[in-house]
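Submitted below is the structure of interest, expressed as structure tokens.
The values are calculated or read from the model by the stated rules, or taken from the named source; none is laboratory data. Remember, predicted model here, so these are calculated numbers, not experimental data. Every residue, glycine as well, gets a Cβ built from its backbone with ideal geometry; the counts of neighbours run over all protein chains shown.
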Amino acid sequence: MSINNYLSKSDPELNNLLEQEATRQQEYISLIPSENYTHASVREALASVSTNKYSEGYANRRYYHGNRYIDEIELLAIARTKKVFKGAFANVQPYSGSPANLAVYFAFLNPGDKVMGIEISHGGHLTHGARVSFSGKWFQQVPILLDASGAINYEKVEADALEHKPKLILAGVTAYPRELDYARLSKIAKQIDAVLVADISHTNGLVVGGIHKHPFDQGADIITSTTHKMLRGPRGAVIVTNNPEYAQKIDKAIMPGLQGGPHNQQTAAIAVAMKLVDTQEYRDYVQQVVKNAQALSTGLLSHGFDLVSGGTDNHLLVLDLRKFGILGKEAADLLEAGGIVTNANTIPNDPNPPLKPSGIRIGTPAVTTRGMKEAEMQMLVDWIKAIVIDRADPGQLRQQVLALTAKFPVWE
């Protein structure tokens with residue numbers, strides 16, 4: 001039976017591809033930290049009639065008529081976002097995380113200004129000042145680097161900030177397994193009159209679920225966050241602040257500065273996701289995400305794996321595979337052949353190029369959504385060891401993975 005009744009008739013070729021992708025998601029285990037499964041109600045909102053309306057501008061200040069209900073949808077998404085993120089102002093129109101960060105740059109910086117962020121090979125994001133990104137081409141990055149232990153040296157960060165005086169500190173991670181010290185970063189930012197932006201796209205669930213300290217409570221000026229990943233919403237983003245002047249600058253940066261009409265179906269789905277996040281069920285979920293990450297960490301260390309920073313405070317781990325004589329891409333290929341999906345990832349000071357990195361990155365949001373717990377994490381640890389260290393046949397592993405995924409249907 002087709003999952004898309006209309007699509008199966010109008011475009012059976014594409015419908016077949018989507019059905020195959022649905023099967024793949026069920027039969028493979030996703031350990032990619034930035035992946036997750038959306039609730040069926042989020043997908044319904046994404047496929048709703050709200051996609052038909054053009055709504056350039058903001059609620060009650062549109063350039064087009066006919067937005068009565070779209071305005072109410074956006075205002076609902078804003079209200080729920082402010083509650084979840086504990087902010088006074090929220091913009092829910094960014095198309096995704098990178099455009100959200102671009103809007104912050106556009107609001108507060110001029111081309112050539114300095115921005116401080118974690119260097120990408122040390123666990124930061126492209127939009128935190130990487131040279132291949134707009135953030136590194138139009139602005140000067142003052143890089144935050146990990147020390148020999150795989151941790152951030154905040155004394156070094158402070159010294160670099162005082163020397164170079166960046167106008168904006170963009171604090172966020174994609175592959176750094178430790179909690180950021182926003183209080184320390186806020187103190188540094190205040191010394192140089194810089195704006196502190198907490199990009200919590202990868203740790204948003206841990207923040208709103210009370211696992212990590214809230215950036216606003218620690219002195220951050222602005223929060224940017226995607227709405228997918230651990231939040232299990234649509235592929236969008238939000239920008240939140242408690243500063244009314246900053247809120248005005250951000251709104252103007254989004255529209256008319258960078259974007260035209262918002263994606264109303266995305267806004268509607270954000271509203272749904274924020275309602276689902278604001279529950280005890282969700283808080284229990286993120287608690288288990290961390291427990292599962294800790295179980296992976298303990299198990300991998302027991303098998304002799306080297307982990308960047310020696311473990312994790314959040315939902316992800318980065319495995320340094322050099323001593324096993326295998327590169328991250330090869331390991332990820334073998335694991336996928338066995339039914340476990342990861343991503344090749346650089347390690348700090350990686351001797352190999354980005355397309356052939358020395359590590360892999362894994363995380364627990366998706367497997368936790370499926371209902372897996374510590375016992376299943378131990379199974380995953382043993383399978384990763386079998387492939388990476390013992391060089392077992394992935395084909396033999398595949399059947400075991402299929403047996404496990406059959407017990408944990410993709411969450412609806």
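When you look at VAL318, is it assigned to a strand (DSSP E or B) and either over 19 Å from ALA175 (Cβ atoms) or touching a helix residue (DSSP H, G or I) at 6+ places or on another chain (Cβ under 7 Å) (or both), yes or no?
Details: assigned to a strand (DSSP E or B): yes; either over 19 Å from ALA175 (Cβ atoms) or touching a helix residue (DSSP H, G or I) at 6+ places or on another chain (Cβ under 7 Å) (or both): yes.
Yes, satisfied.
On to the next question. Which members of segment 233-272 meet the condition of being hydroxyl-bearing (Ser, Thr, Tyr) and either more than 25 Å from ALA45 (Cβ to Cβ) or more than 22 Å from the chain's Cα centre (by Cα) (or both)?
THR241, TYR246
Can you name the residue in segment 155-208 that is part of a helix (DSSP H, G or I) and of a type in the set (D, E, K, R) and is also nearest to the chain's Cα centre (by Cα) among such residues?
Of everything passing the filter in segment 155-208, ARG184 is nearest to the chain's Cα centre (by Cα).
Something else: Name the pairs: first residue in segment 248-270 and within 15 Å of TYR64 (Cβ to Cβ), second residue surrounded by fewer than 24 Cβ atoms within 10 Å (Cβ to Cβ) and among the hydroxyl-bearing types (Ser, Thr, Tyr), Cβ to Cβ under 6 Å, at least 6 apart or on different chains?
GLY261/TYR54; GLY261/SER55; PRO262/SER55; ASN264/SER50; ASN264/SER55
Continuing with this model, one more query. Name the residues in segment 222-247 that are part of a helix (DSSP H, G or I), surrounded by fewer than 24 Cβ atoms within 10 Å (Cβ to Cβ) and in contact with a helix residue (DSSP H, G or I) (Cβ under 9 Å, 6 or more places away or on another chain), would you?
Selection gives TYR246 alone.
Do we find that ALA159 is surrounded by 18 or more Cβ atoms within 10 Å (Cβ to Cβ), of a type outside the set (Asp, Glu) and free of Cβ contacts under 8 Å to residues at least 12 places away in the same chain in this structure?
On the way: surrounded by 18 or more Cβ atoms within 10 Å (Cβ to Cβ): no; of a type outside the set (Asp, Glu): yes; free of Cβ contacts under 8 Å to residues at least 12 places away in the same chain: yes.
No; evaluated as a whole, the condition is false for this residue.
Looking at this structure, is SER8 of a type in the set (Gly, Ala, Ser), modelled with pLDDT under 95 and assigned to a helix (DSSP H, G or I)? Lay out the reasoning, then the answer.
Working: of a type in the set (Gly, Ala, Ser): yes; modelled with pLDDT under 95: yes; assigned to a helix (DSSP H, G or I): yes.
It is true that SER8 is of a type in the set (Gly, Ala, Ser), modelled with pLDDT under 95 and assigned to a helix (DSSP H, G or I).
Identify all residues within segment 279-301 that are in a helix (DSSP H, G or I) and without any contact (Cβ under 8 Å) to a residue 40 or more places away in the chain; write none if there are none. Outline the logic, then answer.
Within segment 279-301, the subset in a helix (DSSP H, G or I) is 280-301.
Of everything in segment 279-301, those that are in a helix (DSSP H, G or I) and without any contact (Cβ under 8 Å) to a residue 40 or more places away in the chain turn out to be GLN280, GLU281, ASP284, GLN294, SER297, THR298, LEU301.
Return the pair list, or none, for Cβ contacts closer than 8 Å from residues in segment 384-401 that are within 19 Å of PHE324 (Cβ to Cβ) to residues that are β-branched (Val, Ile, Thr) and assigned to a helix (DSSP H, G or I), at least 6 apart or on different chains.
PRO394/ILE387; LEU397/ILE387
Can you name the residue in segment 36-51 that is of a type outside the set (Ser, Thr, Tyr) and buried (at least 17 other Cβ atoms within 10 Å of the Cβ) and, of all such residues, is modelled with the lowest pLDDT?
HIS39
State yes or no: is GLY219 small (Gly, Ala, Ser), surrounded by fewer than 18 Cβ atoms within 10 Å (Cβ to Cβ) and farther than 20 Å from PRO33 by Cβ?
So GLY219 passes the test.
Which residue pairs have Cβ atoms closer than 7 Å, lie 6 or more positions apart in sequence or on different chains, and pair a first residue in segment 55-67 that is basic (Lys, Arg) with a second residue that is at pLDDT 95 or above and surrounded by 13 or more Cβ atoms within 10 Å (Cβ to Cβ)?
Once the first residue is basic (Lys, Arg) and sits in segment 55-67, its partners that are at pLDDT 95 or above and surrounded by 13 or more Cβ atoms within 10 Å (Cβ to Cβ) give ARG62/SER55; ARG62/GLU56.
Which of the residues spanning segment 195-210 are under 22 Å from LEU126 (Cβ atoms) and crowded, with 24+ Cβ neighbours inside 10 Å?
Residues satisfying the conditions are VAL197, ALA198, ASP199, ILE200, SER201, HIS202, THR203, ASN204, GLY205, VAL207.
Still on this structure, please answer the following. Only one residue in SER302, SER297 is hydroxyl-bearing (Ser, Thr, Tyr) and either modelled with pLDDT under 95 or surrounded by 17 or more Cβ atoms within 10 Å (Cβ to Cβ) (or both). Which one? Before the answer, list the steps.
Numbers: SER302 fails: either modelled with pLDDT under 95 or surrounded by 17 or more Cβ atoms within 10 Å (Cβ to Cβ) (or both).
So the residue among SER302, SER297 that is hydroxyl-bearing (Ser, Thr, Tyr) and either modelled with pLDDT under 95 or surrounded by 17 or more Cβ atoms within 10 Å (Cβ to Cβ) (or both) is SER297.
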